[in-house]
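A.B. asks: My structure is below; once you've seen it, I'll send some questions.
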Amino acid sequence: MSRIFKNNPDPGRLEEFFTSDKKCLEFLAEAKWKNGFLCRKCGNANYCAGKTPHSRRCTKCKTEESAAAGTIFHNCKFPIHKAFYIAYHVCKGKEDISTYEFARRLSLRQMTCWNFKTRIQQALQKMESLSEYEKSSIQKIFQ
Ligand SMILES: [Zn+2]
């Protein structure tokens, strides 16, 4: 785990991630479409902006894809910047923060934190079964 996040991220940059959903989505969108957009449904490479921030909509079949789709942050039921905070601390692994502590710091329910923490831990354990995109998104986050 520590190998994945070996580089120490810039604290200012982290602060941005931990306070802004927009920054998180921007980051995910950049990582996801760094080689250009490709519609997952029809393979078209042209897109326009989607309804949600940093999502993209295929100009051909109109399928919209969010920046978080295909990542551990997909279908997250709470603000994504809080999910980033948990993901960072779980992956960085320097201090073991309990789900009660996450809940207190982020004003979330303990069960919510437990569910998400478990999801990340399982994802890390099953790195080889993840898609290339998921792997690279986990590896690149916060570096
Ligand atoms: Zn399409």
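A.B. asks: In sequence order, what are the phi-derived ³J(HN,Hα) couplings for region 31-36 according to the Karplus relation 6.51 cos²θ - 1.76 cosθ + 1.60 with θ = phi - 60°, rounded to whole Hz, with x for glycine and proline?
C.D. replies: Coupling constants for region 31-36: 5, 5, 10, 5, 9, x Hz.
A.B. asks: Which percent of the accessible area of region 67-129 is formed by carbon and sulfur heavy atoms (probe 1.4 angstrom)?
C.D. replies: Carbon and sulfur together cover 49 percent of it.
A.B. asks: Using the Cα gyration tensor of region 1-110, with a ≥ b ≥ c the square roots of its eigenvalues, what is the shape: rounded (a/c below 1.5), prolate (a/b larger than b/c) or oblate (neither)?
C.D. replies: prolate
The values are calculated or read from the model by the stated rules, or taken from the named source; none is laboratory data. Bear in mind that the values here come from a model prediction, so they are computed numbers and not experimental data. Only protein heavy atoms, including side chains, enter the accessible area calculation; ligands, DNA and RNA are left aside. Shrake-Rupley method; radii C 1.70, N 1.55, O 1.52, S 1.80 Å.
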